[in-house]
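**Q** So that we are looking at the same thing, I have put the structure below in structure tokens.
The values are calculated or read from the model by the stated rules, or taken from the named source; none is laboratory data. Bear in mind that the values here come from a model prediction, so they are computed numbers and not experimental data. Here the Cβ is made from the backbone with ideal geometry for all residues, glycine too, and neighbour counts use every protein chain on show.
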Amino acid sequence: MKSKKKFGFLSKFFITILILIVVIGVTAGGYFYSKTSKMKKTTISKKPSDLGITQKNQNELQKYDDTINIAFFGLDRRQKTDISRSDSIMILTMDPTHKKLKLSSIMRDTYVNVDGHGMTKITHAYAYGGPQLAIKTINENFNLNIKDYVTVDFYGLEKIIDKLNGVEVDVQPDEVNYLNSYIDEVSKYEKVTPNHVSSAGKQLLDGRQAVAYSRIRYTAGGDFQRTERQRTVLMAVFNKMKAQGKSNMLSMMDELLPYAETDLGSLDIAKYGAKFLSSNIDSIDQERFPVDGYCSGITVDNVWYLKTDLGVTSDQMKKYIFEDVKPTPKASLVNIPAK
């Protein structure tokens, strides 16, 4: 049976939100509050046990109180009311000690325990119980202490890239047909004429083309290679945004924030923005978990999962997030089936 195709580009959208929030949150005063009011606000429990935060984890991580972690979920929904799995799952870390922003991706097929639903893919947690259960699942399986989240769906990034007049990407020959297939899928859904990429090579992609490029997972490397494409587009967006200037970023915020949902209030966002600027953070780093060589594919009841030693992966993740120790991959790479 043919699997439903997923919109797997959203990880690169998160850093765009962060840049806008921290810059405008500190520099635009009351204007900022009027803009952040466009974000959908959803209340979740802050009780540690409801978020899967044990007393042991609280005690262990207390010494890292200066480090801020926020969960980011990218949904493949086409309508705001759709119940959706989280196609992209990331942890955004503000690490003042090492003067870094960090993005830690969690592979969506990772085999974990979801409270009340048993062992399944981590992507399912959001569909089963929204952001609260998704955060709880991350904390319980990786021994973390996350309390806040931001969720986005897939429409916004296309609009932002178009507002930037496209991004330059080096499209490989084996990617062209798949890229155009994704363009056709979305264009058909929206009943518009598709604008195809005609050949391989370095070229300017519009928003829909860039999103389609970052969804590709059928070539060698599967979902692992897809995350590389996502990072390629992310950095292209980031570099173009840096050159836009503050006034254009304010305009982008009008288009971006209606696609975001969070439990954070405007004061919380402003506080994080001020902390970001006062910390003199000057670099962005990225990592993906499980790490190459520490996971393998398994099939349970004809469903494919990515299995890892959760104890080892949890230790690697915490050392990276809190101590800035990057894990060392092993040589093997799992072949993830295309979906």
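Results for (1) over 24 Å from Ile106 (Cβ atoms); (2) in contact (Cβ under 8 Å) with a residue 12 or more places away in the chain; (3) of a type in the set (A, V, I, L, M); (4) assigned by TED's automatic domain parsing to the domain that holds Thr54, shown as yes or no for each residue.
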residue: Tyr128; (1), (2), (3), (4): no, yes, no, yes
residue: Gln132; (1), (2), (3), (4): no, yes, no, yes
residue: Lys136; (1), (2), (3), (4): no, yes, no, yes
residue: Asn139; (1), (2), (3), (4): no, yes, no, yes
residue: Asn143; (1), (2), (3), (4): no, yes, no, yes
residue: Ile146; (1), (2), (3), (4): no, yes, yes, yes
residue: Val150; (1), (2), (3), (4): no, yes, yes, yes
residue: Pro173; (1), (2), (3), (4): yes, yes, no, no
residue: Asn180; (1), (2), (3), (4): yes, yes, no, no
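**Q** Could you list, in sequence order, the residues of the range 157-196 that are of a type in the set (Val, Ile, Thr), at pLDDT 90 or above, surrounded by 19 or more Cβ atoms within 10 Å (Cβ to Cβ) and not in a strand (DSSP E or B)? Lay out the reasoning, then the answer.
**A** First pass over the range 157-196, keeping only residues of a type in the set (Val, Ile, Thr): 160-161, 167, 169, 171, 176, 183, 186, 192-193.
Now restrict to residues that are at pLDDT 90 or above: 167, 169, 171, 176, 183, 192-193.
Adding the requirement that they be surrounded by 19 or more Cβ atoms within 10 Å (Cβ to Cβ) leaves 167, 169, 171, 183.
Passing the criteria: only Ile183.
Conditions (1) at pLDDT 95 or above; (2) surrounded by fewer than 21 Cβ atoms within 10 Å (Cβ to Cβ), marked per residue:
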| residue | (1), (2) |
| --- | --- |
| His117 | yes, yes |
| Ala127 | no, yes |
| Phe142 | yes, no |
| Val150 | no, no |
| Tyr155 | no, yes |
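**Q** Out of the range 208-240, which residues are aliphatic (A, V, I, L, M) and modelled with pLDDT under 80?
**A** Across the range 208-240, the qualifying residues are Ala220, Leu234, Met235, Val237.
**Q** Just for the range 33-90: of the residues that are loosely packed, with under 15 Cβ neighbours inside 10 Å and assigned to a strand (DSSP E or B), which one is modelled with the lowest pLDDT?
**A** Lys40
**Q** Out of everything in the range 197-223 that is among the small types (Gly, Ala, Ser) and over 18 Å from Glu158 (Cα atoms), what residue ends up being surrounded by the most Cβ atoms within 10 Å (Cβ to Cβ)? If you could, list the steps in order and put the result at the bottom.
**A** Restricting attention to the range 197-223, the residues satisfying the condition of being among the small types (Gly, Ala, Ser) are 198-201, 207, 210, 212, 214, 220-222.
Now narrow it down to the ones that are over 18 Å from Glu158 (Cα atoms): 198-201, 220-222.
Numbers: Ser198: 9, Ser199: 9, Ala200: 14, Gly201: 12, Ala220: 9, Gly221: 17, Gly222: 20.
Restricting to residues being among the small types (Gly, Ala, Ser) and over 18 Å from Glu158 (Cα atoms), the top hit is Gly222.
**Q** Condition first: over 25 Å from Asp282 (Cα atoms), assigned to a strand (DSSP E or B) and in contact (Cβ under 8 Å) with a residue 40 or more places away in the chain. Now tell me which residues in the range 91-118 satisfy that. Spell out the reasoning first.
**A** First, the residues of the range 91-118 that are over 25 Å from Asp282 (Cα atoms): 107-118.
If we keep only those that are assigned to a strand (DSSP E or B) too, we end up with 110-114, 118.
Result: Thr110, Tyr111, Val112.
**Q** Just to be sure before I move on: is Ala134 modelled with pLDDT of 95 or more and within 30 Å of Asp66 (Cβ to Cβ) in the structure I sent?
**A** yes
**Q** For the list (1) assigned to a helix (DSSP H, G or I); (2) at pLDDT 70 or above, I need the number of the one condition that Met253 fails.
**A** With (1) assigned to a helix (DSSP H, G or I); (2) at pLDDT 70 or above applied to Met253, the lone miss is (2).
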